[in-house]
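*Asks:* So that we are looking at the same thing, I have put the structure below in structure tokens.
The values are calculated or read from the model by the stated rules, or taken from the named source; none is laboratory data. Keep in mind the model is a prediction, meaning the values are calculated, not measured. Cβ: placed from backbone, ideal geometry, glycine included. Neighbour counts: every protein chain shown.
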Amino acid sequence: MTFNIHHGKGIDKQVDLYRIAEVIEKSDADIIGLNEVDKHFSKRSLYENQIGWLAKQLNIEHAFSPSLSIKSKNSTTIRQYGNALLSRYPIVTKKSHSFNYISGLIEGRSLLDATIEINNQLYQIMVTHLSLNPFLHRKQTDFIANHLHMYHHPIMIMGDWNMKPRSRGFRKITNELQDAWHFAEMGPGYTYPSLHPRMRLDYIFVSRNLQVVEAEVLTNMPIASDHLPLKTTLSRC
């Protein structure tokens with residue numbers, strides 16, 4: 001499942017991680033990619049380590065990729081914001097790739113790149129949140145498309161891509177991977193905004209050695225974030 005949690009801030013303007021945890025728990029997803037996650041970031045999320053809190057609440061493994069890191073003068077704690085992964089399977093390796101090609105950007109971007117193990121088989125799980133800037137978006141999708149060739153085991157990459165279906169970036173990724181929603185055959189797959197969705201921004205792409213069994217947008221708690229989660233069920237080919 002992929003879910004942009006908007007640092008836990010719902011459409012009622014309240015920050016409530018319990019709602020986010022409930023959405024994840026009720027989804028019954030085993031692998032969850034999260035965007036816009038705060039880690040001791042600011043007052044807006046009470047300086048909470050949100051991914052640590054969610055992992056503990058759900059009793060699940062986790063990884064984090066900072067897209068923005070700020071050092072405070074009066075504290076040794078680094079304030080961070082970025083992408084995260086929750087997994088009911090062991091996370092074997094995890095690393096972060098920075099997409100901050102231009103210094104001074106208000107909001108950085110990154111790619112979380114983790115290996116998990118399921119029944120003695122390795123899977124590469126990536127989580128990202130791409131830029132709205134067309135130039136940066138192009139550089140980010142170029143990096144991802146090239147990076148995919150590093151791995152021979154099955155790949156899943158998910159997140160808020162800030163692009164439209166059939167756009168240049170979309171075609172670049174689908175030249176390499178399958179768009180999970182393509183196999184759902186039920187509606188446009190809109191995930192934003194959560195109350196009256198009219199845009200498809202959140203995607204799950206998987207390698208062709210995985211079979212997409214089902215894909216769905218989860219609408220049971222639209223108040224929890226400004227995005228709806230997208231979930232897919234997969235099997236090995």
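*Asks:* Working carefully through the options Lys231, Lys164, Lys139, Lys172, find the one that is within 14 Å of the chain's Cα centre (by Cα) and basic (Lys, Arg).
*Replies:* Lys231
*Asks:* Still on this structure, please answer the following. Where in segment 27-101 are the strands (runs of 3 or more DSSP E), entirely inside, with at least 2 residues that are within 23 Å of Thr233 (Cβ to Cβ), in contact (Cβ under 8 Å) with a residue 40 or more places away in the chain and hydroxyl-bearing (Ser, Thr, Tyr)?
*Replies:* none
*Asks:* Those residues that are outside any strand (DSSP E or B) and surrounded by fewer than 20 Cβ atoms within 10 Å (Cβ to Cβ), I need them from segment 208-232; list them, please.
*Replies:* Arg208, Asn209, Leu218, Thr219, Asn220, Met221, Pro222, Ile223, Asp226
*Asks:* Now for a separate question. Looking at Lys73, Lys26, Lys94, which one is over 17 Å from Asp113 (Cβ atoms) and either of a type in the set (A, V, I, L, M, F, W, C) or modelled with pLDDT of 95 or more (or both)?
*Replies:* Lys26
*Asks:* Tell me which residues, restricted to segment 57-76, are closer than 18 Å to Asp38 by Cα and out of contact with any strand residue (DSSP E or B) (no Cβ under 9 Å at 6 or more places or on another chain).
*Replies:* Gln57, Ser75, Thr76
*Asks:* So, one more: Say we look at segment 1-35 and pick out the residues that are closer than 17 Å to Asp226 by Cβ and among the polar types (S, T, N, Q); which of these is farthest from the chain's Cα centre (by Cα)?
*Replies:* Filtering first and then ranking leaves Gln14.
*Asks:* Moving on. Name, by its number, the condition in (1) buried (at least 16 other Cβ atoms within 10 Å of the Cβ); (2) out of contact with any strand residue (DSSP E or B) (no Cβ under 7 Å at 6 or more places or on another chain); (3) at pLDDT below 95 that does not hold for Pro193.
*Replies:* (3)
*Asks:* Which of the numbered conditions does Phe41 fail, given that it passes all the others? Conditions: (1) within 25 Å of Ile155 (Cα to Cα); (2) in contact with a helix residue (DSSP H, G or I) (Cβ under 8 Å, 6 or more places away or on another chain).
*Replies:* Phe41 satisfies all of (1) within 25 Å of Ile155 (Cα to Cα); (2) in contact with a helix residue (DSSP H, G or I) (Cβ under 8 Å, 6 or more places away or on another chain) except (1).
*Asks:* Next up: Would you please name the residue that is surrounded by the most Cβ atoms within 10 Å (Cβ to Cβ), looking only at residues in segment 1-26 that are acidic (Asp, Glu) and assigned to a helix (DSSP H, G or I)?
*Replies:* Here the residue is Glu22.
*Asks:* Still on this structure: Hey, can you tell me all the residues within segment 172-188 that are surrounded by 15 or more Cβ atoms within 10 Å (Cβ to Cβ) and closer than 21 Å to Thr141 by Cα?
*Replies:* Lys172, Ile173, Thr174, Glu176, Leu177, Gln178, Asp179, Ala180, Trp181, listed by residue number.
*Asks:* Still on this structure, I have one more. Can you name the residue in segment 188-207 that is assigned to a strand (DSSP E or B), hydrophobic (A, V, I, L, M, F, W, C) and touching a residue at least 40 places away in the same chain (Cβ under 8 Å) and is also nearest to Gly159 (Cα to Cα) among such residues?
*Replies:* Ile204
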